[in-house]
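Engineer: Provided herewith is a single structure, encoded as structure tokens, for subsequent inquiry.
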Amino acid sequence: QIQLVQSGPELKKPGESVKISCKASGYTFTDYAMHWVKQAPGKGLKWMGWINTYTGKPTYADDFKGRFVFSLEASASTANLQISNLKNEDTATYFCASPGQLGRHWFAYWGQGTLVTVSS
Amino acid sequence: IMLTQSPATLSVTPGESISLSCRASQSISTNLHWYQQKPNESPRVLIKYASQSISGIPSRFSGSGSGTDFTLNINRVEPEDFSVYYCQQSNSWPLTFGSGTKLEIK
């Protein structure tokens, strides 16, 4: 069965960086895209972008260009999200999500979420 | 593409049948998907492509619509259905979600 397992919660100070991982299992990692979704406390879901797990090419939504980097460790079936120069408004739960089908952009599989708290 | 969900909150009694609305700012064909999110859990897909069922999802959940107007129906709400529902479009980039409808117990 397909599973996405994310790294644990993080507590960071403003200006620091954080790297979140999402390890996939149950399928060939390079078959399906990996997307990232942000959910601020008490708020809705916001799509951040996606990474082509076959080519490694990332695509970012406008609000996530600059400080956000999607990367892969394909040999470890892992996708990563790195956020630099953290701000208070980056406090959120970050989800990785996969369509589980080639070329589709809805999300059949989700990680459990990683809470990033930014506080001085 | 903006997705507007209504109502923001819906208070119902278990056993009632309900409809949740999602309206797109421009036509998205049937590229609209519905998710359920319970507190402190990841979202779960309920319906894909406006009306297609998902394996393992109870049959009381159904979807309809095309173009700009979409509906998620829950036939006879069960206690475990009280949560937040989101729609999401995959017609064009960037992918977008609606702001959600919270289904609460009356």
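Read-outs: derived from the displayed coordinates by stated rules, not from any lab. Treat the numbers as computed from the prediction; the structure is a model and nothing was measured. Glycine also receives a Cβ, built like all others from the backbone with ideal geometry; neighbour counts cover every protein chain displayed.
Engineer: Relative contact order for region B:14-74: what is it in percent, counting Cα pairs under 8 Å that are at least 6 residues apart?
Structural biologist: Reported as a whole number, the value is 40 percent.
Engineer: Report the normalised scattering of chain B as log10 I(q)/I(0) at q = 0.10, 0.21, 0.23, 0.24 Å⁻¹, calculated by the Debye formula with identical scatterers on the alpha carbons.
Structural biologist: The Debye formula, applied to the Cα set alone, gives -0.24, -1.08, -1.28, -1.38.
Engineer: Using +1 on the beta carbon of Lys and Arg, -1 on that of Asp and Glu, and nothing else charged, what's the dipole of region A:24-120 about the Cα centre, debye to 20?
Structural biologist: Dipole magnitude for region A:24-120 comes out near 160 debye.
Engineer: Tell me, what HN-Hα J-couplings in whole Hz come from the Karplus equation 6.51 cos²θ - 1.76 cosθ + 1.60 at θ = phi - 60° for each residue of region B:57-63, using x for Gly and Pro?
Structural biologist: 8, x, 5, 6, 8, 9, x
Engineer: Need the list of lysines near B:LYS102 for cross-linking: C-alpha distance under 25 angstrom, and skip anything on the same chain fewer than eight residues off.
Structural biologist: Partners found: A:LYS38, A:LYS43, A:LYS46, B:LYS38, B:LYS48.
Engineer: What lysines could a cross-link reach from A:LYS57, if we take a straight Cα to Cα line under 16 Å and drop same-chain neighbours fewer than 8 places away?
Structural biologist: Excluding near neighbours in sequence, the set is A:LYS65.
Engineer: Which residue, B:GLU78, B:GLU41, B:GLU16, tops the fluctuation ranking in a GNM of chain B built on C-alpha contacts under 10 Å?
Structural biologist: Looking only at B:GLU78, B:GLU41, B:GLU16, the largest GNM fluctuation is found for B:GLU41.
Engineer: Short version: ³J(HN,Hα) in whole Hz for each residue of region B:95-106, in order, from phi by Karplus 6.51 cos²θ - 1.76 cosθ + 1.60 (θ = phi - 60°), x for Gly and Pro, what are they?
Structural biologist: Listing the rounded values in order: 4, 9, 10, x, 7, x, 10, 8, 9, 10, 7, 6 Hz.
Engineer: Residue-wise, which Karplus ³J(HN,Hα) couplings in Hz belong to region A:5-11, taking 6.51 cos²θ - 1.76 cosθ + 1.60, θ = phi - 60°, and x for glycine or proline?
Structural biologist: 10, 9, 6, x, x, 10, 10
Engineer: If you wrap a convex hull around the alpha carbons of region A:1-75, what volume per residue comes out, as a whole number of Å³?
Structural biologist: Spelled out: Cα convex hull of region A:1-75, divided by residues, is 122 Å³.
Engineer: Note down the relative contact order for region A:11-120 as a percent, whole number, built from C-alpha pairs under 8 angstrom at least six residues apart.
Structural biologist: 35 percent
Engineer: Let me check against my output: what whole-number percent is the relative contact order of chain B, with C-alpha pairs under 8 Å and at least 6 apart?
Structural biologist: 39 percent
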